[in-house]
Amino acid sequence: HVLENQKFLTGTLDTYFIDEHPELFQFVPSQNRAQKLLNYVGDVLVNGPLTPLGTDLKPADVEPKVPPVDSGRQLSGFREIITEQGPEAFAKAVRNHKGLLLMDTTFRDAHQSLLATRVRTHDLLKVSPYVAQNFSSLYSLENWGGATFDVAMRFLHECPWERLEEMRRVMPNIPFQMLLRGANAVGYTSYPDNVVYKFCELAVQTGMDIFRVFDSLNYLPNMMLGIDAVGKAGGVVEAAISYSGDISDPSRTKYTLPYYLDLADELVKAGTHVLCIKDMAGLLKPRAATMLIDGIRQRHPDVPIHVHTHDTSGAGVASMLAAAQAGADVVDVAVDSMSGMTSQPSMGAVVASLQGSELDTGISLESVSDYSAYWEQARTLYAPFECCVTMKSGNADVYLNEIPGGQYTNLQFQAYSLGLGNQFEDVKKAYREANQLLGDIIKVTPSSKTVGDLAQFMVQNKLSGQDVLDRAEELSFPKSVVEFMQGYLGIPYGGFPEPFRTRVLKGMPKVEGRPGASMPSMDLDKLKEDLIEAHGNQIRDVDVMSAAMYPSVCKEYLEFRSKYGPVDKFATRIFLTGPKVGEEFEVTIEKGKTLHIKTLAMAEDLTKTGDREVFFELNGQLRSVFIRDNTAAKELHIHPKAEKGVKGSVGAPMPGTVIDLRVKAGDKVEKGQPLVVLSAMKMEMVVQSPCTGTVKTVDIAKDMKLEGDDLLLTIEESK
């Protein structure tokens, strides 16, 4: 501090210099980021990846080539209209635009659909300047919300808010678009209303422009809350109707054209700036697209229409061209190398198909090609999460199972984690059965998660749909299924399936009306105080919002970051699987501060405490870290299995971690009473008592990891 003081540097000081400058003693504690990052690399080298990998494939050893940009070019785009004239003027400009507008999903839904949402900020930012310059005519860039929010913290160990801030810094001209799950915000359940309003306010302040507001059941009360929250925050409201069924098939009588037109009327009446058709599974066939868009356009000639689909069946490009010709203003596409299958239709195919027509997009096919080349290489970095491991092409069986594109690879990844990887075809068939059991519902997060959890539960326990119906009163259903039946997601169109609902709930309370309406406001100031006490003064309002949405996930993320530092600065291969011994690499932790690291060696012998020493060269200096070897230090422990056919011997219905234990030995329990809560990936399951009686033994503890059928506890049944 002395050497940075201007008086000292100019020599104008006396013996009172230190007395008169108390700020010389205001020291900022070292962040020690370099040492923390070495600890992370050491841990990956000793114990393997610290984020779960979906397959045995390894990240490619490549450095994706970024297309060149012109640093002096002036940036312009539709965002100027939003910031200078507001959402209404933006909607009017979109409606008056000649030609078809595109939304690029590459930064969110494309990788959620193809790569289990695992693409990191590091790789998104590299190509962002090129996108800002060469795709300035985009309606929007979808880059936030949906599953990206919790996956960023849960698996990528990075802050979703920092991702948004950084992208806005390098792409100031293109409107950003996010997916908002209505009253569920970016979570999987309902939240107090003040949380949803605050979330939207902070999102706009951080750089978000357009909010695609939907509800997983098309339940209007939930959507109206999201629409109001976005409107009050100053964002562009794009209310979305989630599409299911097939309006071109007269035999499909639940979700018909009049059903969708009535929904459109309600959303326009509510004041949406843009109306969206959200075809999350790719079920919208070309003829149905023409019927639906034409029907809406005739009723609402002045409202912009935006159509979203997935290309799972292979008919996506045809459907989007049909929608455009019927009057849609915007369609969703992904850059070619990140398109197709469960992702969106190909950007290049749509651009080329419309060149020279009245609907010409005005986008250069050469620019699309260069953009695609970058992602063709970058995609190989995420080989462990690649959907092509089992899905080699489009598949029209989506018209049967109706699995949303954004859920497909996540469901596949969960199936691998639960030991069901070789039974994924069975999971897809069970998904269809589970949907019918639940009443043929609209399927999009979080309702699609309910269907997926039930499907995996059925395959895991070798249950048919009829088995589930017949044994519903004795089964311990996944938590998401129970909460859906209670009404925590809202009310599905056509009501809940009976008597299945009654059998699942076993007398549990039901939620009437909009779930969040009866929830008390969350004390966000108190939450911030608690977070500061636990994690320090660096907590910001956006961190408070992350904790409000995902308490345990945010806590684990903050603890991980405190322990390992800014791991989001690593190149993707280093982050996922670590460097090779002898490899040199760089990590830029902030502008002007780059760490030069070389991995030297790993000790063969363990210390007495079970640690292994890993040696590095950091900026030319020898460094070493001691890492606990979890495999070598772990004692062999064989957990007992539950006795098959013995009602009082309660086993784990799936592999997972004990996150809540609600009884102890000696407790009296009733049939159906919750005993244990298990968690695996994003699925939670409440294990219920199979009988009335007394708990004899408890064979588990909180945070214990279990395999399927491991003994949880024993109950002595009452006579």
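The values are calculated or read from the model by the stated rules, or taken from the named source; none is laboratory data. These numbers come from a predicted model, not from an experiment. With ideal geometry, Cβ positions are generated from the backbone for all residues, glycine too; neighbour counts draw on all protein chains shown. Just the protein is used for accessible areas: all its heavy atoms, side chains included, with ligands, DNA and RNA removed. Shrake-Rupley method; radii C 1.70, N 1.55, O 1.52, S 1.80 Å.
Observations
- Selection of chymotrypsin sites (Phe, Trp or Tyr not before Pro), region 1-41, meeting DSSP coil and at most 13 other Cβ within 10 Å: Y16, F27
- Accessible surface, 1.4 Å probe, highest first, among residues E358, E512, E613, E63: E358, E512, E63, E613
- Ranking of S417, S447, S251 by solvent-accessible surface, largest first: S251, S417, S447 (1.4 Å probe, protein heavy atoms only, all chains present).
- Qualifying aspartates and glutamates (Cα of each under 19 Å from Cα of K719; at least 8 residues distant if same chain): E474, D667, E670
- Cα shape, region 312-467, gyration tensor, a/c 1.5 rule: oblate
- Packing-based ranking of 97-105, 576-584 yields 97-105, 576-584, ordered from highest to lowest mean Cβ neighbour count within 10 Å.
- Spatially proximal lysines relative to K254 (Cα-Cα < 16 Å; intrachain offsets below 8 disregarded): K443
- In terms of its alpha-carbon gyration tensor, region 24-81 comes out oblate; a/c meets the 1.5 threshold, while b/c is at least as large as a/b.
- Per-residue 3J(HN,Hα) values for region 119-134, derived from phi via the Karplus relation 6.51 cos²θ - 1.76 cosθ + 1.60 with θ = phi - 60°, read 5, 9, 4, 3, 7, 5, 5, 4, 9, 4, x, 5, 4, 4, 7, 9 Hz in sequence order (x marks Gly and Pro).
- Pairs exceeding a 29 Å alpha-carbon distance, out of K232/K526; K65/K555; K479/K641; K98/K449; K598/K705; K555/K644: K65/K555; K98/K449; K598/K705; K555/K644.
- Mean silhouette area of region 649-717, derived from the convex hull of its C-alpha atoms and averaged over all directions, reads 3.7 nm².
- ³J(HN,Hα), Karplus 6.51/-1.76/1.60, whole Hz, each residue of region 397-408, x for Gly, Pro: 5, 5, 5, 9, 8, 6, 6, x, x, x, 9, 3
- Note on surface exposure: I539, I81 rank I81, I539 by accessible area, highest first, 1.4 Å probe.
- Accessible area expressed per residue, the chain, with surrounding protein chains retained (probe 1.4 Å, Å²): 41 Å²
- With DNA, RNA and ligands ignored, accessible area of I715 (1.4 Å probe; Å², nearest 10): 10 Å²
- The packing ranking of peptides 429-442, 216-229, highest mean first, is 216-229, 429-442, where packing means the average number of other beta carbon atoms within 10 angstrom of each residue.
- The three principal axes of the C-alpha atoms in region 517-652 carry coordinate ranges of 59, 49, 27 Å, sorted with the longest axis first.
- Counting only protein heavy atoms and using a 1.4 Å probe, the accessible area of V213 comes to about 0 Å².
- Three-way shape label, the chain, alpha-carbon gyration tensor, a/c 1.5: oblate
- Sites E586 and E533, calculated FRET efficiency, Cβ-Cβ separation with R0 41 Å, nearest 0.05: 0.70
- By average C-beta atoms within 10 angstrom, highest first, the peptides 339-347, 134-142: 339-347, 134-142
- Remark: region 384-394, residue by residue, has Karplus-estimated 3J(HN,Hα) of x, 10, 5, 5, 5, 4, 10, 9, 8, 7, x Hz, where x stands for each Gly or Pro and the curve is 6.51 cos²θ - 1.76 cosθ + 1.60 at θ = phi - 60°.
- For region 1-106, convex hull of alpha carbons as volume per residue, Å³: 362 Å³
- Solvent-accessible area of the chain (1.4 angstrom probe, protein heavy atoms only): carbon and sulfur portion equals 50 percent.
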